[in-house]
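Read the structure below first, then the notes.
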Amino acid sequence: MALSSTLAFGRSPEEELLLYCARCHTTPQQRERIRTLVEAKPNWDVLVPMAHRHGITPLFYWHLQKICADAVPQNTLQHLRDHFHANAQWNLSLTAELIRILNFFEEHGVPAIPYKGVVLANSLYGNLAFREFNDLDILVHREDVLRAQSLLMSIGYRPEINLTRVQESAHMRTECEYNFRLDDARIRIEIHWEFVPRYFSVTFNHGTLWKNLAWTSVGGLPIRTLSPEDLLLVLCVHGGKHLWSSLGWVCDVSELIRVHRTMDWYRVMDQSKRFGIKRMLHLGLCLAIDLLQADIPQEVFDRVRSDSSIQLLVRAVREKLFYEHDLRNETIERWNFQSAHLKMRERLRDRIRYCYRHLVALNMRDWSVISLPPVLFPLYYVIRPIRLTAKLVRRIGRHLLFDLKRIQRPQVE
């Protein structure tokens, strides 16, 4: 059941064209509309950067060269073609590295589950070249994190941040990942033990998640990854974390629904309710339906559309999706960012936890303010609210100063 897309037909031709291209498969009617929009000579100086920003340039190029290459300026088409091939080559190198890491972990008894990136490109898009990704996301058991870190460092990887033992303990409690880079290379690996930081108050049942793993193939190697049901929840939580600022993340959800038509929707809805992420799930589904005409079962469609609280969030995301961030409005944008996270939670206790944990969750910025010896580490919990307050005051001050200068600036007739 598809919801009519008010965005596709209510925005600029460039945005409409991008939406039609942000999918693996198109209907004859959609292909005809793509050709019509291209022949109308859109603003390519706006359109191409927009495709890059949303991470869908490969799909954008693929549809253009198949449907209407003759109507696209040759320099633009060549730029997109070069990007497509460079992305394909990069993805192949990341795929080879992923296989190497998974084999290495398996040899040393560290269970590891890749997700996003390579896995999505291969299993959902059907072509490694169709999706952009810059790193490798690997989930391990919390108790295996330090072993995984040691193994990666033994083959040339280095952590992006160097932590003391006390800082490492705090990082494990409040964050969800360690980031590593390969020496003299761009390759980046994120070792996850959770999917979002603790202050989001989203805790998946990892016992059930690891029990329900599915099999897929990457580079001819059979590997385990998240089940479609768990992956859908993870993608919706990830998109919610970033307020769905990239159309590529909406495309991931839409393609997952298209590929896994026999998904156990009862389990998806039940899990979302038990984890307190029902509203996050509904938001992700609504965006996939509204922007990309994702097709979901009627019963699920009715339940999602009956969630009146989600409509304001959908509208806010749609309005901001193609909005260029203005640094002059940084304070207001940051406030809206935090407010939207609260609105995405249906349970009061999760909202309270979000506020409290966000206030006390230590990170690198706290440790960079002042270096304290381990015995004084608890003082960071006092320093953090002071630092956050000072940061807010500075932002408000910059915003007021900008408004004052704008008022005082003489008007030119």
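The values are calculated or read from the model by the stated rules, or taken from the named source; none is laboratory data. Quick caveat: nothing in here was measured; it's all calculated off a predicted structure. When we count neighbours, we look across all protein chains shown, and the Cβ atoms used for this are built from the backbone with ideal geometry, even at glycine. With ligands, DNA and RNA removed, areas are computed over all heavy atoms of the protein, side chains included. Shrake-Rupley method; radii C 1.70, N 1.55, O 1.52, S 1.80 Å.
With one equal scatterer per alpha carbon and no solvent term, the Debye-computed log10 I(q)/I(0) for the chain at 0.06, 0.11, 0.13, 0.14 1/Å reads -0.27, -0.95, -1.30, -1.45. For the set LYS116/LYS343; LYS66/LYS241; LYS273/LYS391, the pairs lying more than 28 angstrom apart at their alpha carbons are LYS66/LYS241; LYS273/LYS391. Counted as membrane-span-like here are DSSP H helices of the chain whose alpha-carbon atoms extend 27 Å or more along the helix's own axis and whose Kyte-Doolittle mean is -0.5 or above; these are 74-107, 380-408. A P(r) calculated from all alpha carbon pairs of segment 145-211, with 10 Å bins opening at zero, reads 19, 46, 30, 5 percent. Projected onto its three principal axes, the C-alpha set of segment 234-325 covers 38, 26, 21 Å, listed from the longest axis down. In this simple spin-label model, placing a label point 7 Å from the Cα along the Cα-to-Cβ direction at both THR389 and TYR356 gives a separation of 2.0 nm.
Any number yet on Rg/Rh for segment 38-86, C-alpha, Kirkwood? Reported Rg/Rh (Cα atoms, Kirkwood Rh): 0.91. Computed packing ranks the peptides 186-199, 49-62, 209-222 as 49-62, 186-199, 209-222, most packed first, by mean other Cβ atoms within 10 Å. Relative protection proxy for 375-384, 98-107, from highest mean packing down: 98-107, 375-384 (other beta-carbon atoms within 10 angstrom). Peptides 175-182, 244-251, ordered by how many other C-beta atoms sit within 10 Å of their residues on average, highest first, read 244-251, 175-182. Take every DSSP beta bridge whose two residues both sit in the chain; close to 80 percent of them are antiparallel. Subtracting the Cα-Cα distance of ASP82 and SER217 from their residue separation scaled by 0.36 nm leaves 45.9 nm.
How long is the gain from ARG274 to HIS141 if the chain were fully straight, where each residue apart is worth 0.36 nm and the alpha carbon distance is subtracted?
On the way: separation 133, 0.36 × 133 = 47.88 nm, distance 2.15 nm.
Gain on extension, ARG274 to HIS141, equals 45.7 nm.
With the biggest extent put first, the Cα atoms of segment 235-284 measure 28, 26, 11 Å across the principal axes. Global size of segment 1-150: 19.0, 58 Å for Rg and Dmax (C-alpha atoms, Rg to one decimal, Dmax whole).
Ratio of Rg to Rh for segment 64-220: 1.05 [Cα atoms; Kirkwood radius as inverse mean 1/r over pairs]. The modelled label-to-label distance for the pair MET153/ARG261, using points 7 Å beyond Cα in the direction of Cβ, is 5.0 nm. The smallest convex shape that holds all Cα atoms of segment 98-174, its convex hull, gives 118 Å³ per residue. What number does segment 262-305 give for Rg over Rh if you use C-alpha atoms and the Kirkwood radius? That ratio is 0.95, to two decimals.
For segment 65-193, the solvent-accessible area works out to 45 Å² per residue, with a probe of 1.4 Å and every protein chain left in place. Convex hull volume per residue, computed on the Cα atoms of segment 222-380, equals 171 Å³.
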